[in-house]
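Below: one structure, written as structure tokens.
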Amino acid sequence: MATPVQQRLLKTAIPGPRSAELQQRREEHVTSGFGVTLPVFVEEAGGGIIVDVDGNHLIDFASGIAVTSVGASHPKVAERVKAQVDKFTHTCFMVTEYDLFVDVAEQLNRLTPGDHAKKTALFSTGAEAVENAIKIARSATGRDAVVVLGHAYHGRSLLTMTMTAKNVPYKESFGPFAPEVYRAPSPYPYRWPTGPENAAEEAFAALRELVLTQVGASNVAAIVAEPIQGEGGFIVPPAGYLAKVAEFAREHGIVFVADEIQSGMGRTGEMFACDHEGVVPDLITTAKALAGGLPLSAVTGRAELMDAAPVGGLGGTYAGNPIACAAALGAIEVIESENLVARAKHIGEKIEARLRPLVTGDSVVGDVRGRGAMQALELVRPGTTEPDAALAKAVAASCHAQGVIALVCGTFGNVIRLLPPLVIEDELLDDGLDVLVEAISSAAAGR
């Protein structure tokens, strides 16, 4: 199938009549536990465009939550998937092996930060990767405790849900939670009580105190941090913070885990967000953009840590599925051959240039932040830092009505995040930003 025409085009209201009809079927047959950002049903997608069943061409500022970085139907990914389907769809790597699994592991060992000896384990989802990173850290250290940050998001399984900070919708009614998970404050510069200039030092001091005096360093298996916090609001830690945490972890024999599930694979203008500050984690988790839309995740890390788990202790029936591995090799090829890391940096520069002027003393835009093509703006009541979740919801709804898919995130529900595919054309990006800026202006004026 050819890539859709890269132009925003509205033929009906959003959602259109065919999507509305399908939505009724969905409500009859699918659990309401699954939420939806925009109730449109997709016919095809590619580049920076999603085409719905009513023929509307929507600008994609979501990438399936940072998944389709190379577009939703890149030929190099599709070709590898089609070729693999003709060979075999599954054997289970723990029963009979295939070289695609090893190929992906080799690529991740090459691409992830650090020049030490590494090994990789493949799984299916981001939550699986994080949970297995904890298993590996516990096995390697003989310790139980896990330290995470405020505003963190790590998944929806029992352990990763416990590690996630936000209650609704991720934790409400799903307890009791996993034991031995402790939370330190996140260095959230925009909201740090004594000012952004103090966030790094004071947040690190709080983490250090938690580990040394409340938990006991000898009991901590891992410290887990997102180099840029995703669901929590695209919070970029202040310079030096991650390096301090990683160094502190090494001093006390604690495994430092970088959760790069949303920020990795070129999204931030470096292959991994850790690379911006030269931080080398002991273990790093990847998923989302890794396989161009197919379910695949990974834990990559120091070889001696990765081999600490007992034989048979890691795995899963679908772990490293061959079709997903084929897609990952295609996605990695595209990221490198089309220089999408540099493209992500360019996208970020364009977004920042357009949105940063919106931050003024009395603006509803309190902060614009991010790295590369992982950008966000935080909406507040004018002249304050009070979160305005209702405004964020209104802005997103206005974007949707005009054919731009925008996502809301943040602990307080007041952050609009932008995750366009790294292959989006400049003209399409500019058009989407025009819609977003007008949506902010209109929604603010209507308060």
Counted charge near residue 66, where neighbours are those whose Cβ lies closer than 10 Å (Asp, Glu -1; Lys, Arg +1): +3
Given H placed 1.01 Å from N in the peptide plane, which residues other than close sequence neighbours of residue 147 have an amide H under 5 Å from its amide H? 182, 222, 223, 224
Within the range 81-162, list the chymotrypsin sites (Phe, Trp or Tyr not before Pro) lying in a DSSP loop whose Cβ has at most 11 other Cβ atoms in a 10 Å radius. 88
Amide H within-cut-off set for residue 367, under 5 Å, with H built and near neighbours excluded: 378
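In percent, what relative contact order does the chain have, based on Cα pairs under 8 Å that are 6 or more apart in sequence?
So the answer I get is 22 percent.
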When the charge dipole of the range 77-337 is computed with +1 on Lys and Arg Cβ and -1 on Asp and Glu Cβ about the Cα centre, the Cα farthest towards its positive end, among 219, 281, 266, belongs to 219
Rounded to the nearest 5, what % of the DSSP beta bridges within the chain are antiparallel ones? 65 percent
The range 77-337 - share of DSSP beta bridges that are antiparallel (%, nearest 5): 45 percent
Along the charge dipole of the range 407-447, which of 423, 444, 411 sits closest to the positive end, that is, farthest toward it, with unit charges on the beta carbon of Lys, Arg, Asp and Glu (+1, +1, -1, -1)? 411
Enumerate the calculated ³J(HN,Hα) couplings along the range 213-226 in order (Karplus 6.51 cos²θ - 1.76 cosθ + 1.60, θ = phi - 60°), each rounded to whole Hz, writing x wherever the residue is Gly or Pro. 9, 9, 9, x, 4, 6, 9, 8, 7, 8, 10, 10, 9, 7
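If you add up the charges near residue 244, with Lys and Arg at +1 and Asp and Glu at -1, over every other residue whose beta carbon is less than 12 angstrom from its beta carbon, what do you get?
Working: positive: 208, 250; negative: 201, 202, 247, 251, 277.
Local charge sum for residue 244: -3.
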DSSP beta bridges in the range 194-297, what fraction antiparallel, as a percent rounded to 5? 10 percent
Kyte-Doolittle mean at least 1.0 and Cα axial length at least 20 Å: DSSP H helices in the chain: 322-337
Cα-centred dipole magnitude for the range 77-337, charges only on beta-carbon of K, R (+1) and D, E (-1), debye, nearest 20: 520 debye
Enumerate by residue number the trypsin sites (Lys or Arg not before Pro) in the range 1-93 meeting two conditions: DSSP loop (anything except H, G, I, E, B), and at most 14 other Cβ atoms within 10 Å of the site's Cβ. 11
Burial order of peptide ranges 197-210, 414-427, 172-185 (average beta-carbon count within 10 Å, highest first): 414-427, 197-210, 172-185
The chain, dipole about Cα centre (Lys/Arg Cβ +1, Asp/Glu Cβ -1), debye to the nearest 20: 580 debye
What pairs in 171/345; 171/288; 166/288; 166/393; 119/166; 76/171 have C-alpha atoms more than 29 Å from each other? 171/345; 119/166; 76/171
I want to verify the translational diffusion coefficient of the range 226-363 in µm²/s; compute it with Stokes-Einstein, Rh as the Kirkwood radius over Cα pairs, at 4 °C and 1.567 mPa s. 76 µm²/s
Need the list of aspartates and glutamates near residue 11 for cross-linking: C-alpha distance under 12 angstrom, and skip anything on the same chain fewer than eight residues off. 52, 54
For residue 100, what charge total do you get from the other residues with a beta carbon under 11 Å from its beta carbon, if Lys and Arg give +1 and Asp and Glu give -1? -2
For the range 190-295, alpha-carbon Rg relative to the globular expectation (2.2 N^0.38 Å, N residues): 1.12
Once you've got the GNM for the chain with C-alpha springs shorter than 10 Å, pick whichever of 264, 71, 33 has the biggest mean-square fluctuation. 33
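Coordinate-derived values only; no laboratory data. Nothing here was measured: the structure is a model prediction, and the numbers come from that model. Heads up, the Cβs are rebuilt from the backbone with ideal geometry, glycines too, and the neighbour counts pull from every protein chain shown.
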